[in-house]
1. Inside segment 490-506, can you point out the residues that are outside any helix (DSSP H, G or I) and buried (at least 17 other Cβ atoms within 10 Å of the Cβ)?
2. Return only the number of the condition from (1) assigned to a strand (DSSP E or B); (2) modelled with pLDDT under 85; (3) of a type outside the set (Val, Ile, Thr) that residue 101 does not satisfy.
3. Inspect all residues belonging to segment 45-60 and state whether any of them is modelled with pLDDT under 80 and open to solvent by 30 Å² or more (accessible area, probe 1.4 Å).
4. Looking only at residues in segment 389-404 that are in a helix (DSSP H, G or I) and aliphatic (A, V, I, L, M), which one is surrounded by the fewest Cβ atoms within 10 Å (Cβ to Cβ)?
5. Could you list, in sequence order, all residues of segment 236-250 that are assigned to a loop (DSSP other than H, G, I, E, B) and either open to solvent by 60 Å² or more (accessible area, probe 1.4 Å) or touching a residue at least 24 places away in the same chain (Cβ under 8 Å) (or both)?
6. May I ask you to list the residues in segment 264-299 that are outside any strand (DSSP E or B) and closer than 19 Å to residue 491 by Cβ?
Amino acid sequence: MDNGVFGRMRFSRQILILQIGVVVLLLAVGLGLVSWLLWGTLRDQYGERALGIAHTVSVDPGVVANAAARRSGGELEDLVQAVTRRTGALFVVITDDKGIRLAHPDPGQIGRQVSTDPSEALAGNDVVSAVQAGTLGVSVRSKTPIFTADGRVVGEVSVGYEIGAATGDLVRLTLTSSAFAAGALALGVAASALLTRRLNRLTHGLEPRELTELLYEREAVLHGIGEGMLAVDSAGRVSVRNAEAERLLGKALPVGEKVSELDLSPRLGKAVEETVDNLLAVAGNRVLVVNSRAVRHDDRDLGTVLTFRDRTDLDALTRELSAVRSLSDGLRAQRHEFSNRLHTLSGLLQLGHHEEAVEYLQALTDTSVSADGLGDSVSDPYLRALVSAKIEQAREKGVTLRLADDSWVPAKVTDPIAANTVVGNLLDNAVHAARMGTRDQASVEITLLRNGSTLHVSVVDSGTGVAAEVRKTLFDEGASTKLAPGHGLGLALARQAARVRGGDVWLADPGGTDRGALFVAALPETLEDA
């Protein structure tokens, strides 16, 4: 198989072939090593067996006496033949101290010099497991000296086993090992096939080149789009995210981290669990538009993908437009009231009740301290216009909204949008709570105070207070006591606007059945001398 054909194969098949090749190579090397070790073990075993027989023969008194007298044949020859038959050895040879054969399985070799070097044994040492070629062929042989009672070496005994005996045992053991190796090969091939199949399933059959292209495309898409993107797997862990998502959410999104441990807002948690479209959520100092989609492939749940768009600037413009709309509604209400007063004055004049007309004008002059009824306690035109508009809106809903007598803000607001967001949302919530209350006269009171550059706001209503079960989540986006849908961002946006400037909005008194709730806000760096 040439490299061109191998290179054109699918990657999974290449992996399978390589794995099988590695298994075969390892088994071949292992089998060769085992055979080599078995051969050494068998050779040593036959050598030790031969040495044991040689020791037994060498201490026989008849052998010692005949070797010392250098008598050959006869008794020695009978002993050699008997031992050879009994032990299955190839040969048992006895020599004198010169290496001349005294006994040999082949009587024709008696009286001749041995064919292998006898010097080591004749020097008084044992020779074990020597594979040597002699007159009877290649054999595994051992040699031992023959000692007299006074310790003199008078000859040697050499015992050998045919090399084929050890080789036969080796073949049998090798065949047994080969059977185990074949089983291991079959298991290895099966395991390789299963691994290849799993690899195909995990990569959806994609080749490395395709995976590389997908990686490049993913990186380009993730970091090339202007939206934040967060992918959550089926176990609820972050699998993919881009830098824009971390920037918009204002926190790190470690891959592998559980989303439930990231301290995301309730609305973002909802987007992970179900599909949402253009859901508004507050994250840190930002208002985000969130979309989420469940991802499936081959009926397998892969998780959820969320996208985030920054709507902070747009939301600021929306709040500014809402403030302008509130002002226009207030002006419209005031226009109706002034129109009614002018109609009354015109009627008195037309009917000739001049004195009554003068008294009516005098009464209007005495009771109207200022055009908006706020007096001179608040000098900033933005705050005056907003509170005046809210007073008229509340009046139309049957709620009395008034500015507390101890209010005092003789300064200019430097951030009208932030102030309008906080004051407007607190007043809207208070008016709603007052309307839903059980008191005959629904009312709301707002107090505005200056402390250096900080604007302090407190709003209290005549409602039934904030229930205990919603107090902890009151400022979470989506938390609302209103029945109509689309609510739940007012207090969250108010707190966000305050915290951007280093301030805060909090529930100072939850109230109860006998009194309404008290909300307090602090907006640092918001006022300056006019």
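The values are calculated or read from the model by the stated rules, or taken from the named source; none is laboratory data. Since the structure is predicted, the reported quantities are computational estimates derived from the model, not experimental observations. Backbone-built Cβ (ideal geometry, glycine too); neighbour counts: all protein chains shown. Surface areas here come from the heavy atoms of the whole protein model, side chains and all, with no ligands, DNA or RNA. Shrake-Rupley method; radii C 1.70, N 1.55, O 1.52, S 1.80 Å.
1. Passing the criteria: 501, 503, 505.
2. (2)
3. The initial filter retains those residues of segment 45-60 that are modelled with pLDDT under 80, namely 45-47.
Retained after the next criterion (residues that are open to solvent by 30 Å² or more (accessible area, probe 1.4 Å)): 45.
Within segment 45-60 (the criterion being modelled with pLDDT under 80 and open to solvent by 30 Å² or more (accessible area, probe 1.4 Å)), the answer is yes, since at least one residue qualifies.
4. Applying the filter and picking the extreme gives 394.
5. First, the residues of segment 236-250 that are assigned to a loop (DSSP other than H, G, I, E, B): 236, 242, 250.
The answer is 236, 250.
6. 264, 265, 266, 267, 268, 269, 270, 284, 285
Conditions (1) touching a Lys or Arg at 6+ places or on another chain (Cβ under 7 Å); (2) part of a strand (DSSP E or B); (3) open to solvent by 10 Å² or more (accessible area, probe 1.4 Å); (4) of a type in the set (A, V, I, L, M, F, W, C), marked per residue:
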| position | (1), (2), (3), (4) |
| --- | --- |
| 37 | no, no, yes, yes |
| 63 | no, no, no, yes |
| 73 | no, no, yes, no |
| 80 | no, no, no, yes |
| 84 | no, no, yes, no |
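Every residue, every condition in (1) in contact with a Leu (Cβ under 6 Å, 6 or more places away or on another chain); (2) farther than 21 Å from residue 503 by Cα, yes or no:
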{"residue": "261", "(1), (2)": "no, yes"}
{"residue": "265", "(1), (2)": "no, no"}
{"residue": "268", "(1), (2)": "no, yes"}
{"residue": "275", "(1), (2)": "no, yes"}
{"residue": "281", "(1), (2)": "yes, no"}
{"residue": "287", "(1), (2)": "no, no"}
{"residue": "290", "(1), (2)": "yes, yes"}
{"residue": "295", "(1), (2)": "yes, yes"}
{"residue": "299", "(1), (2)": "no, yes"}
